[in-house]
Amino acid sequence: MSEKNREETRSARERLQQERDEQNVSEKRRRTLIVSAAVVGALGLAAVIGLIAANAGEDEEVDVARPAAAPSGANGKDDLAIPVGAPDAPSTLTVWEDFRCPACAQFENTFRSTINKLEKAGKLKVEYHLVTLIDNNMGGSGSLNAANAAACAQDVGEFAPYHDVLFKNQPPETEDTYARNSRLLDLAGRVDGLERAPGFRQCVEGGLHNAWVNKSAAAFRAGRFSGTPTVLLNGEPVFPKKGNEEITPANLQKWVAAADKGKKPGTVSPSAPRSAPADSTPSA
């Protein structure tokens, strides 16, 4: 190969290498721009999310500040507890729960028969506090709407059975099925006479107790509880354990028996009276 050809070949290689180097630089710049844009976008999204969260908190505070219509028979501080069982039972189980919370459903479905047994024996009364933790964490309104519907059931003396139906039929946590009042009314049909009880449908659809539910949720946050369910026996945390003992149906009965030792059982009273169901058939 002549010297001239060698020079031409070398020049061609150098030009090719230069073009590759320029392409690499260009590609690096492009990637840098993409990453920078993604970071800016993420920061912008975080700012938007933060603004939404802040606004949601402000809206909730405003709602809490409105007159809160407590359901019939609610008691405790600010009338935020719905009582079940004999009022003079020697022990009190305080339960903070969310109708969209899977752990709450697990607790209720596991301990329901034990708690009912203790209630009927006059050994234990339960005070339920309803919160909206899942709505706040995942969005939606199922926690709020279901809690309002349960409070509406309390107004007509059917809180306990309707409460149980809601937990037995709880949808997956990611599905906000309880945001639909039609679903809540459909499940009310599984409690004898509830769906047609005077005022119940209007209470559910009108969100009569929404402000009360939000007030209860605010009390939960103020209490700095770790999550739902929060379960206290005579003020002492017992879920998921009491001291070093895990909560089980047998242990719950043992703990109540120890707390009630030497005390008279409460007088079991009937549920709050409920008006007779309306004659008209509810609309679909």
Whole-angstrom Cα spans of segment 81-237 along principal axes, big to small: 39, 35, 26
Rh by Kirkwood over Cα pairs, then Stokes-Einstein D for segment 150-256 at 0.692 mPa s and 37 °C, µm²/s: 204
Sum of side-chain charges, G243 neighbourhood, beta-carbon under 15 Å (Lys, Arg +1; Asp, Glu -1): 0
Ellipsoid equivalent to segment 128-200 - semi-axes via the Cα gyration tensor, in Å: 21, 12, 10
Those trypsin sites (Lys or Arg not before Pro) in segment 66-143 that DSSP places in a loop and that have at most 12 other beta carbons within 10 Å: none
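In whole percent, and with a 1.4 Å probe on the protein chains, what portion of the accessible area of segment 80-200 is carbon and sulfur?
46
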Surface accessible to a 1.4 Å probe, per residue, for the residues of segment 164-242, Å²: 47
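The values are calculated or read from the model by the stated rules, or taken from the named source; none is laboratory data. Because the structure is a prediction, the values reported are computed rather than measured. When we count neighbours, we look across all protein chains shown, and the Cβ atoms used for this are built from the backbone with ideal geometry, even at glycine. Ligands, DNA and RNA are stripped out before the accessible areas are found, and what is left, the full protein with its side chains, is counted by its heavy atoms. Shrake-Rupley method; radii C 1.70, N 1.55, O 1.52, S 1.80 Å.
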